[in-house]
1. Considering (1) open to solvent by 60 Å² or more (accessible area, probe 1.4 Å); (2) within 18 Å of the chain's Cα centre (by Cα); (3) over 18 Å from residue 340 (Cβ atoms), say which one residue 66 fails and leave the rest.
2. Across segment 426-437, what is the total count of residues that are open to solvent by 30 Å² or more (accessible area, probe 1.4 Å) and of a type outside the set (A, V, I, L, M, F, W, C)?
3. Let me confirm something: among 33, 54, which residue is closer than 30 Å to residue 450 by Cα, hydrophobic (A, V, I, L, M, F, W, C) and within 11 Å of the ligand (Cβ to nearest atom)?
4. Looking only at segment 89-131, which residues are closer than 26 Å to residue 48 by Cβ and among the hydrophobic types (A, V, I, L, M, F, W, C)?
5. Contact list please: Cβ distance under 7 Å, first residue in segment 180-199 and in contact (Cβ under 8 Å) with a residue 24 or more places away in the chain, second residue of a type in the set (Ser, Thr, Tyr) and away from the ligand (no atom under 11 Å from the Cβ), pairs at least six apart or on different chains.
6. Tell me which residues, restricted to segment 300-328, are open to solvent by 20 Å² or more (accessible area, probe 1.4 Å) and closer than 30 Å to residue 215 by Cβ.
7. With the checklist (1) out of contact with any Leu (no Cβ under 9 Å at 6 or more places or on another chain); (2) open to solvent by 10 Å² or more (accessible area, probe 1.4 Å); (3) within 15 Å of the ligand (Cβ to nearest atom); (4) at negative phi in hand, flag the one item residue 182 doesn't pass.
8. Please count how many residues of segment 113-136 are part of a loop (DSSP other than H, G, I, E, B) and of a type in the set (D, E, K, R).
Amino acid sequence: MSSAKGAQSEVEEVPVLIVGGSLVGLSAAAFLAWQGVETLTVERHRGTAIHPRAGHFQLRTMEVLRSIGLQDIVRRTAEDQYDLDFGIAAVESLAGRELAVFIQNLNEGVDAVSPSTRFFMTQQSLEPLIRKRAEELGARLNYATEMVAFEQDADGVTATIRDIDDGRERSVRARYLIASDGNRSAIRERLGISVEGRGLIAHSVTIYFRAEVAARLMEGRRLGVIYINNPVVRGFLRMDKGNRSGFIAVNTVGDTSLPETSRIADTITPERVVDIVRAAIGVPAAEIAITQIIPWRTVADNAERYAQGRVFLVGDAAHTMPPNGGYGGNTGVQDTHNLAWKLALVLKGAANPKLLDSYDAERRPFGALTVEQAYARYVRRTAPYLGIETVQPLVDDWAMEIGHHYRSSAVLNEGDDSASIHTDPFKAAGRPGTRAPHLVLERDGQRLSSLDLFGRGFVLLCGPGGSDWADAIGRLANPLVTVHQIGTPASWQEPAGAFAEAYGISPEGAVLVRPDGFVAWRSRGAVPSPAKTLAQIIERLLSVPLTVS
Ligand SMILES: Cc1cc2nc3c(=O)[nH]c(=O)nc-3n(C[C@H](O)[C@H](O)[C@H](O)COP(=O)(O)OP(=O)(O)OC[C@H]3O[C@@H](n4cnc5c(N)ncnc54)[C@H](O)[C@@H]3O)c2cc1C
């Protein structure tokens, strides 16, 4: 990708240009539109994904989709494809022995911590739903359009955009550029941002097939992802509803003590593909129809910077990881949720651009952890020849999904925490930098989750003894902060009586929650002048002066 100088046509202006309109670019468009930010997304392909790819989605991904009104439709569509409560196991083959159960039931224990669920769904059916929502909210998407060059200066980014069909070029001037252009990101390369990690670890293939015999072998089995581990093939398999078709992602073929066996994509032949699927199914003469073969590179790398000037890397452009654990797409969607509210506040002039530094500070360390955790799962489940002793101990899935512990200028961390970037979400208890806990709230017969209170501005939560905090919000000349005094007649009730404990405060304390549902700050008890305290806190978080009336 080159410099944008010399682009011919008139300059079109947009606050945020998003390059790449796959899962992560579409999420960026939807979250920014939800925040009221105008965007233009350009995507080289003619439409959304045509291959299933990501299939295992996290609780946190559903929570952020819920926040923009997508949970019901996503859940219904997912249920048409898979059973959401299925598990993940390893077998020799579908006809062979079970070797390990990694997850018994994907949604066991979820009710207690979230209004959302984990789900299995193909990326190819999730993307159109996010696209539709983004467009409903006002996002503009240009397909069959690519960015061929860009240049940034102190005030913005100038990009050259080319229509793939007629080759016509136009110039777009944006205040910010989001690079959701995938794992080989030309934007990242052009910025000279290197990656660090394990590098390229396998030349893999995904084989799509039909095999009637699989229906019988899958009968009564409740498995969404099935790792295959035998002397012929290692990888994982997902069957479609009805169990007559599916795909197998193959990372190594043959003697798994030899790293060369991971070069499957280089040595694939039609006969070999059929043998691989038969070996995965475990029926040597099974009738197999191959519908498609897609080669891909298994990489485990994290960018050394997630931002440079006015350009932000998100999704696979920022971090690429083996699919094991189902982290790649999820992490990308959550990157954009973290970035969207910050860009919105800066573009509206409600926050100093310094707030944007917190994107890298919060997401990059967690990205690095996620890449290593995906790699650890890959080595343990599929490629032990890489050395199980060389990988990190596994971090619990709950901590990986909802146990982020951010440290940045957008959080006022408490001095007594452990400095770890992940925490046990069952013990986080409203600690600044962690996801605000879910509680069921009720008012006038209506029920919602505490998570539903968060979204656009900051929210101050306090208990019945927190009237001074509630009054203080009225004295702040800042429409960004709303207050909910939980348990008072005019506000939400929390029938379980767990609010103060769940958020780690006394009945006189208060918790300030960011638009992305993470705790920015809390005061465990009352303070002498709450309005002044809040003004100082918000000034520190957003680096803009505030007045108190
Ligand atoms: C077999 C497999 C299974 C997986 N399973 C899971 C899973 O269970 N869970 C999970 O979370 N993740 C999973 N993943 C990972 C997931 O698919 C990726 O992390 C996700 O697709 C990344 O999305 P992205 O939008 O960042 O990048 P991509 O999907 O790579 O999209 C980048 C887009 O940018 C476009 N583009 C690039 N350059 C330009 C340009 N200059 N102009 C215009 N457009 C451009 C490309 O055309 C492309 O559409 C899996 C991946 C594979 C291969």
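1. Exception for residue 66: condition (3).
2. To start, the set of residues in segment 426-437 that are open to solvent by 30 Å² or more (accessible area, probe 1.4 Å) comprises 426-427, 429, 431.
Narrowing the set further to residues that are of a type outside the set (A, V, I, L, M, F, W, C) leaves 427, 431.
Matching residues across segment 426-437 total 2.
3. Numbers: 33 fails: within 11 Å of the ligand (Cβ to nearest atom).
Only one candidate passes the filter, namely 54.
4. Matches in segment 89-131: 106, 119, 120, 121, 126, 129, 130.
5. Here the result reads 198/375, each pair linking segment 180-199 to a residue that is of a type in the set (Ser, Thr, Tyr) and away from the ligand (no atom under 11 Å from the Cβ).
6. Within segment 300-328, 323 is the sole residue that qualifies.
7. Result: residue 182 fails condition (4) only.
8. In the first step, residues of segment 113-136 are kept if they are part of a loop (DSSP other than H, G, I, E, B); the result is 113-118, 121-122.
With the extra rule that they be of a type in the set (D, E, K, R), the set shrinks to 118.
Residues that pass the stated criteria total 1.
The values are calculated or read from the model by the stated rules, or taken from the named source; none is laboratory data. A quick note: this is a predicted structure, and the numbers were derived from the prediction, not measured. Using ideal geometry, Cβ is built from the backbone for each residue, glycine included, and neighbour counts are taken over all protein chains shown. These accessible areas exclude ligands, DNA and RNA; they are computed on the full protein's heavy atoms, side chains included. Shrake-Rupley method; radii C 1.70, N 1.55, O 1.52, S 1.80 Å.
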